[in-house]
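Worksheet: the structure to be examined is printed underneath.
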Amino acid sequence: MKRACLAIIFASLLSLSAIMAPVAAETNDDSVGIRNYWDYRVTNVVFSNVTFDVDLHMEIVKKDSVRVLGPYKDVYMLDVIGRSETGTSANGTIIGLFSIDCEEFRMVDNYSLFKQDAYFKIEMHQEGDEELMMDEALNIVTEYKQTRDDYLGNNALNVGTQVISNTSIDIVQKRAAENAIDVVIIAEYDYDERLVMEVVETNVPVTTDAGTFDCVKIRAQYNSTSEDATNMTMYYYYSDLVKNYVKVEYNNGFFYGVTAEEMTLTSYGLKSLGVIALFFGDNIWVTMTILFALVMVSIFYLVKKSKKMGIVPMIMPTELRIEETPEEKKNE
């Protein structure tokens with residue numbers, strides 16, 4: 001009987017999750033939104049003179065209102081996480097862990113880039129030589145005084161479509177000291193940049209581990225006033241099905257403050273919360289109310305059933321009954 005009541009409650013929870021859990025991304029233009037994720041393989045990432053192939057996970061985790069160029073605006077926050085366990089250097093193969101952890105902020109209205117806070121860490125040793133260690137951490141914070149529109153998913157993607165961004169960029173590089181507590185600023189950059197993104201070809205088939213996609217090829221030309229930066233040309237392949245880029249040809253251009261060769265999609269989708277979604281946000285009050293009602297109905301059912309069977313339910317107050325022993329009855 002108790003199992004039946006528990007089954008009723010569990011089935012009700014599953015029904016609630018199907019009704020209340022979001023089934024589509026939260027977004028203004030049906031392009032991207034909270035819980036959208038993309039997994040990539042990034043080749044030839046160079047950090048500290050070591051080259052890596054990195055598995056990268058990118059996910060929109062929340063929406064917030066922050067001050068952007070004066071007024072408050074809605075911004076998506078993305079978690080970007082990259083990992084690699086092997087790399088190559090001039091001395092051979094190194095093993096251990098190379099990690100990228102980045103918080104990226106993009107505007108909700110057009111998904112243009114506002115800020116990146118990337119943290120790189122390498123804890124590796126030369127293969128066959130445990131004493132030859134590499135232990136280094138670098139934090140690169142990039143802020144755009146005017147947002148950089150490097151996402152064309154909300155534009156008419158025809159040949160010749162062009163989006164131009166003129167922005168000023170602040171970059172601060174910080175390195176952790178030996179005690180891993182103090183942080184030392186090792187470089188600061190402040191320069192202007194002009195980005196021209198133009199659709200150069202449509203209906204381009206691109207095959208990756210995630211499948212074959214019909215893409216729009218976009219040429220991105222970066223022109224900077226920085227003395228340390230060089231003008232770069234990259235190619236982006238956008239898929240409306242994926243709502244993001246399927247492939248990016250960096251050609252040793254900048255990738256979160258370091259350099260890389262190419263990035264290709266390995267998987268994508270909308271992260272499901274399932275039953276967990278019932279206990280977050282506005283859902284929780286409805287969930288708790290229905291759960292309370294279910295529990296009360298179950299208790300009422302148990303009590304009623306117990307009385308019919310002549311069982312005194314322990315969950316309800318009742319008189320204390322003392323049965324006479326056989327010896328006491330004999331004495332009477």
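Bear in mind that the values in this text are calculations on the coordinates, not laboratory data. All of these numbers come straight from a predicted model, not from anything done at the bench. Counting neighbours? That spans all protein chains shown, and the Cβs are built from the backbone with ideal geometry, glycine included.
Could you please report the charge total around residue 250, scoring K, R as +1 and D, E as -1 over all other residues with beta-carbon less than 14 angstrom from its beta-carbon? Its environment carries a net charge of -2. Measuring between alpha carbons in the structure, the pairs from 73/247; 145/271; 73/243 lying more than 24 angstrom apart are 73/247; 145/271. In this Cβ point-charge picture (+1 for Lys and Arg, -1 for Asp and Glu), segment 22-271 has a dipole of about 900 debye about its Cα centre.
Rounded to the nearest Hz, the phi-derived 3J(HN,Hα) couplings of segment 206-211 under the Karplus curve 6.51 cos²θ - 1.76 cosθ + 1.60 (θ = phi - 60°) are 10, 10, 9, 5, 8, x, where x marks glycine and proline. Treating segment 22-271 as a set of equal point scatterers at the Cα positions, no solvent, please give the Debye-formula log₁₀ I(q)/I(0) at q = 0.15, 0.17 Å⁻¹. Debye curve over Cα of segment 22-271, log10 I(q)/I(0) at q = 0.15, 0.17 Å⁻¹: -1.16, -1.47.
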